[in-house]
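**Q** Pasting in a structure now, in structure tokens, and then I'll have a few things to ask.
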Amino acid sequence: MSVSDGGARGEVRQAVAAALGRLPGAERRVAEVVLRDPEAVAFGTVAAVAKRAGTSGPSVVRLADRLGYAGFIGLQQAVQRDLRRRLRPAVERIRSAAGERGDLLDRALSVEVSNVRLSLEPLDRSAFERAVERLADPEHRVTVLPSDQARGIGETFAGELGLVRDGVRVAGGSEFRVVTQLARLGRSDTVVILDLQRHERWVVEASERIAAAGAARIVIVDSELSPLAEGALAVLPVAAAGVGPFDSQIGVLAVANALLAGVALRLRRNVTRRLDALEAAWTGSGALVERN
């Protein structure tokens, strides 16, 4: 991919994603600053970016060169272009909606639709297929490990995955309980981790324990450079822009739903039998209130 190519996730983000596998440690830290704090790059200096990344000026310049830019100035200009593309629609929406009833709902609609599109359209198809294949294999037990902020989606995902296959559980609770739940993981296990940065320490430490046990990790997170992503079987990055002060979980939910659909499609014969049996049980017990 040429760094001059735009894209749904931004020119610089695409360039970083393409180079991610060959970035040494110091340049990886610089790349994380580029993705998490683009304003610091767009309006800062080599020294300031290096300080934020905890590395040296030459590492900043080497990253820019590795991404195909003409030094730091070239990288800075590309980041500025990305920021302009992001900010111009937002400014236009705010100006056009100023003083109108429902402007907040209009912005929420625009932001959340964009989150879904930016989470699904650029998703690496091969990573997605690896995740679906692993989750659909009944030989691999599945543990879902959501952070506290993603717990609602994690529990729903685990519950629905458990309807279409056996061997699914949710890990959570106190740190003691999480350590206990993960203690017997092995190479045949799969762990789905859901979180948005900034990560809670226990989530990062749990991910490290899972990797040490040899279990496969499928990570749904908002940055390819997250410490949760390193060495994972599949990294599925999501957009998490919020219309208010908090990150949106809509991108996480969209990717989780896509995974469920993929697993159900692969297991469709068994899924049909399982769901028919469940429907009969629900109906026979009167557990569900029928629609009027």
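**Q** Say the dipole of the chain comes from +1 at the beta carbon of Lys and Arg and -1 at that of Asp and Glu; which of Gly57, Leu109, Asn257 then lies farthest toward its positive end?
**A** Positive-most Cα among the choices belongs to Gly57.
**Q** On to the next question. Quick one: helix 71-97 against the long Cα principal axis of the chain, what's the angle to the nearest 10°, folded into 0 to 90?
**A** Rounded to the nearest ten degrees, it is 60.
**Q** Of the listed values (1) 67, 53, 36; (2) 54, 41, 40; (3) 48, 45, 42, grab the one calculated as Cα extents along the principal axes in Å from the structure here.
**A** Computed from the coordinates, Cα extents along the principal axes in Å corresponds to (1).
**Q** Could you go through the range 202-216 in sequence order and give the Karplus-derived ³J(HN,Hα) for each residue, using 6.51 cos²θ - 1.76 cosθ + 1.60 with θ = phi - 60°, rounded to whole Hz, and x for Gly and Pro?
**A** Those phi angles translate into 5, 5, 5, 5, 5, 4, 5, 5, 4, 4, 5, 6, x, 6, 7 Hz.
**Q** For the chain, find the longest principal axis of its Cα atoms and tell me its angle to the long axis of helix 151-164, 0 to 90°, nearest 10.
**A** So the inclination is approximately 50 degrees.
**Q** If you put +1 on each Lys and Arg Cβ and -1 on each Asp and Glu Cβ, how big is the dipole of the chain around its Cα centre, in Debye rounded to 20?
**A** Once rounded to the nearest 20, the dipole reads 380 debye.
**Q** Excluding ligands, DNA and RNA, what is the solvent-accessible area per residue of the chain at a probe of 1.4 Å, expressed in Å²?
**A** Here the residues of the chain average 53 Å² of exposed surface.
**Q** Provide the gained length on full extension for the span Glu139 to Val204, in nm with one decimal, where the gain is 0.36 nm per separating residue minus the Cα-Cα distance.
**A** So the extension gain works out to 20.8 nm.
**Q** Ok, one more. Under the rule of at least 5 residues apart or a separate chain, name every residue whose amide H is placed under 5 Å from the amide H of Ile193.
**A** Leu145, Ile218, Val219, Ile220
**Q** Sorted by accessible area (1.4 Å probe), largest first, how do Asp222, Asp195, Asp276 line up?
**A** Accessible-area ranking of Asp222, Asp195, Asp276, largest first: Asp276, Asp222, Asp195.
**Q** So, one more: Taking R0 as 51 Å, what FRET efficiency do you get between Arg291 and Asp37 from their Cβ-Cβ distance, rounded to the nearest 0.05?
**A** The computed FRET efficiency comes out at 0.55.
**Q** Karplus couplings for the range 26-31 from phi (6.51 cos²θ - 1.76 cosθ + 1.60, θ = phi - 60°), rounded to Hz, Gly and Pro as x?
**A** Calculated HN-Hα couplings, in order: 5, 6, 5, 5, 5, 4 Hz.
**Q** Against the longest principal axis of the chain, how steep is helix 125-136, in degrees 0 to 90 to the nearest 10, with axes from Cα atoms?
**A** 20
**Q** Sort the following peptides by mean Cβ neighbour count (other Cβ atoms within 10 Å, averaged over residues), highest first: 43-52, 210-219.
**A** Top of the packing list down: 210-219, 43-52.
**Q** Given a 1.4 Å probe and every protein chain left where it sits, what share in percent of the accessible area of the chain is carbon and sulfur?
**A** After summing per-atom areas, the C and S share lands at 53 percent.
**Q** With runs of 4+ DSSP H residues as the only contributors, calculate the mean residue ellipticity of the chain at 222 nm using -39,500 (n - 2.57) per run, divided by the residue total and rounded to the nearest 500.
**A** -18500 deg cm²/dmol
**Q** Spin-label point model (7 Å from Cα, Cβ direction): what's the Arg269 to Arg177 distance in nm?
**A** Modelled inter-label distance: 3.9 nm.
**Q** Apply 1/(1 + (r/R0)^6) to the Cβ-Cβ distance of Leu163 and Arg107, taking R0 = 30 Å, and write down the FRET efficiency to the nearest 0.05.
**A** The calculated FRET efficiency here is 0.25.
The values are calculated or read from the model by the stated rules, or taken from the named source; none is laboratory data. The structure presented is a predicted model; accordingly, all values stated were derived computationally and were not measured. Note that we place each Cβ from the backbone using ideal geometry, even for glycine, and neighbour counts take in every protein chain shown. With ligands, DNA and RNA removed, areas are computed over all heavy atoms of the protein, side chains included. Shrake-Rupley method; radii C 1.70, N 1.55, O 1.52, S 1.80 Å.
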